[in-house]
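Below is one structure, written out as structure tokens, with a few remarks after it.
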Amino acid sequence: MLTIVSHPLIQHKLSLLRDKNTGSKDFRELASELAMLMAFEATRDLELEEVDIETPVTGARVPMLSGKKLALVAILRAGLIMSDSIVRLIPAAKVGHLGLYRDPDTLKPVTYYAKLPSDIGERRVLLLDPMLATGGSAVQAINLLKAQGATQIKLMVILAVPEGVAAVEAAHPEIEIVAAALDSHLNDHGYIVPGLGDAGDRIYGTK
Ligand code: PRP
Ligand code: URA
């Protein structure tokens, strides 16, 4: 269940994001814009209901969002740039945070923080992280979300590789993944090829 959002604006901005000469300021802006654009695809199935309003001209029946409310859940650090921009688009969404980092030797995720909306079980969850590499972090994040009662989860990443998609699919086959691109493979250090490097370091300028 992988959807690649192939809109030209998204593909153009992604190419700029990949470029090693793109500095942190531009990287942050591009990642925010990409997240916002991709959110259109990831929220395509939100339910609508007809409501009555008065325009300045007449009464009208118009569509408004209904059904389950949304929770945006960012995988720290890098997912934060995505939740910060999408919440501007969907201000009624609640925002959760899962702190995970990948151990550089084992590449296994280490959880150091979790704070989720208390009603996460009643919300649709959009789980956000720019990178789906081995899939360890995403699988762990979904485990944590399910343990807190979340049942409707969609994963949105900027870059994915087949290894990461397969790992999520094996552990959580019902999860839909939305990505801007499916890259070739992982290198020996677990980095996505061609990729964009370390997303957190490029966003926050820590390398
Ligand atoms: C990056 C990225 C994902 C994870 C993906 O985070 O933002 O969370 O790696 O790798 P995986 O699919 O192999 O688990 P990182 O561990 O570098 O943490 P950071 O965002 O705090 O820098
Ligand atoms: N995490 C990143 O930030 N980049 C990769 O290529 C893989 C994992």
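Listed by first and then second residue, the pairs linking a residue in segment 180-207 that is closer than 16 Å to Gly136 by Cβ and of a type in the set (Val, Ile, Thr) to a residue that is assigned to a loop (DSSP other than H, G, I, E, B) and within 11 Å of ligand 2 (Cβ to nearest atom), with Cβ atoms under 7 Å apart and 6 or more places separating them unless they lie on different chains, are Ile192/Ala133; Ile192/Val161; Ile192/Asp183. As an exercise: evaluate Glu49 against (1) within 25 Å of Asp198 (Cα to Cα); (2) modelled with pLDDT of 95 or more and give the number of the one condition it does not meet. Failed condition: (1).
Do you know which residues across segment 57-99 are assigned to a helix (DSSP H, G or I) and closer than 12 Å to Val125 by Cα? So that I can check it myself, show each step before the final result.
Filtering segment 57-99 down to residues assigned to a helix (DSSP H, G or I) leaves 80-89.
Result: Ser83, single match.
Out of the residues in segment 78-107 that are within 9 Å of ligand 1 (Cβ to nearest atom) and at pLDDT below 95, state the one that is surrounded by the most Cβ atoms within 10 Å (Cβ to Cβ). Among them, the one singled out is Arg102.
Mind telling me which of the residues Ala141, Ala179 ends up being within 13 Å of ligand 1 (Cβ to nearest atom), within 14 Å of the chain's Cα centre (by Cα), more than 13 Å from Leu2 (Cα to Cα) and of a type in the set (A, V, I, L, M, F, W, C)? Outline the logic, then answer.
Values: Ala179 fails: more than 13 Å from Leu2 (Cα to Cα).
Selected residue: Ala141, the only one of Ala141, Ala179 that is within 13 Å of ligand 1 (Cβ to nearest atom), within 14 Å of the chain's Cα centre (by Cα), more than 13 Å from Leu2 (Cα to Cα) and of a type in the set (A, V, I, L, M, F, W, C).
On the basis of being surrounded by 11 or more Cβ atoms within 10 Å (Cβ to Cβ), among the acidic types (Asp, Glu), modelled with pLDDT of 95 or more and more than 24 Å from Gly96 (Cβ to Cβ), does Asp26 make the cut? Spelling it out, Asp26 is indeed surrounded by 11 or more Cβ atoms within 10 Å (Cβ to Cβ), among the acidic types (Asp, Glu), modelled with pLDDT of 95 or more and more than 24 Å from Gly96 (Cβ to Cβ). Scanning segment 30-56 for residues that are β-branched (Val, Ile, Thr) and part of a loop (DSSP other than H, G, I, E, B) yields Thr43, Thr55.
Any chance you could count how many residues in segment 115-138 are among the hydrophobic types (A, V, I, L, M, F, W, C) and within 14 Å of ligand 1 (Cβ to nearest atom)?
Going through segment 115-138, the residues among the hydrophobic types (A, V, I, L, M, F, W, C) turn out to be 116, 120, 125-128, 131-133, 138.
Among the residues that remain, those that are also within 14 Å of ligand 1 (Cβ to nearest atom) are: 127-128, 131-133, 138.
Here the count works out to 6.
The values are calculated or read from the model by the stated rules, or taken from the named source; none is laboratory data. Every value quoted in this text rests on a predicted model; they were computed, and no experiment measured them. Virtual Cβ from ideal backbone geometry, glycine too; neighbours counted across all protein chains shown.
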